[in-house]
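See structure below.
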């Protein structure tokens, strides 16, 4: 299987590419884009959470401990004294980092249910719930974070499968097929528990319709198409030869032998080649329209 550094590297590249598209599409506030991108990077190492002594597992539970301890702190900030808040914060941090970590690894099996597409769906749904009800993000931002998490998660599974192929000896290693699978057929109990958890998350997850409608919008993809390549120059560097060649000939600042257009006349044509039409300005983002209507 791929090591931690490889998973982080690929996860960062994939999440960065998706973040670039999201930034160009201008579908969510820029401050929310950081959290969404981090969800993708987290997903790229999350399947190895079932390795008890692995760096991903230790880092994951440490991160979860920090996240939930501050979530508890902020949710009860006005209800208790400073000392009580300290105790709640520290208790949550230690409980998640060491208590939940120990209980989790008592039942977890490496390359088990956490290396499956069912776990991918579970983590994506859990991400949407966290974004919606803990962070307080709008529905479309919550589902965008879920999408980043799912893509990062699947990237990890694909990498593990790729490393199961010995290209030099042209053979498959014994681990082939244990990472990218639908469910864990060797432990149906874990698969059943994960399926039940997915069903529960579906019931409380935010509505996905605004995100799906925005993603299917023709305006969104038209805007991205217009921004895919530079219109005039790369990185603001003007091609002087091309600019001079395309410039019209002038005499005293006036165009040479170009008749003035009459009011109401059709655009100037030469044979069957018509003058290029001016591109329409990009339309508003469907996601922002949804968010405005919701307010």
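Derivation of every value follows stated rules applied to the coordinates shown; laboratory data play no part. Predicted, not measured: the structure shown is a model, and the values here were computed from it. Cβ sites come from the backbone with ideal geometry, for glycine too, and all protein chains shown count toward neighbours.
Here are the numbers for the structure shown:
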| read-out | value |
| --- | --- |
| Label-point separation in nm, residue 62 to residue 237, each point 7 Å along Cα→Cβ | 4.2 nm |
| Cα gyration tensor shape for the range 32-102, rounded if a/c is under 1.5, else prolate or oblate | oblate |
| Projected-area mean, the range 78-117, by convex hull of Cα positions, square nanometres | 4.3 nm² |
| Convex hull projection area averaged over all views, the range 1-126, Cα basis, nm² | 9.4 nm² |
| Chain lengthening between residue 103 and residue 182 when straightened (0.36 nm per residue, less Cα-Cα) | 26.0 nm |
| Residue 126 versus residue 8: modelled label distance in nm, points set 7 Å from Cα along the beta carbon direction | 2.1 nm |
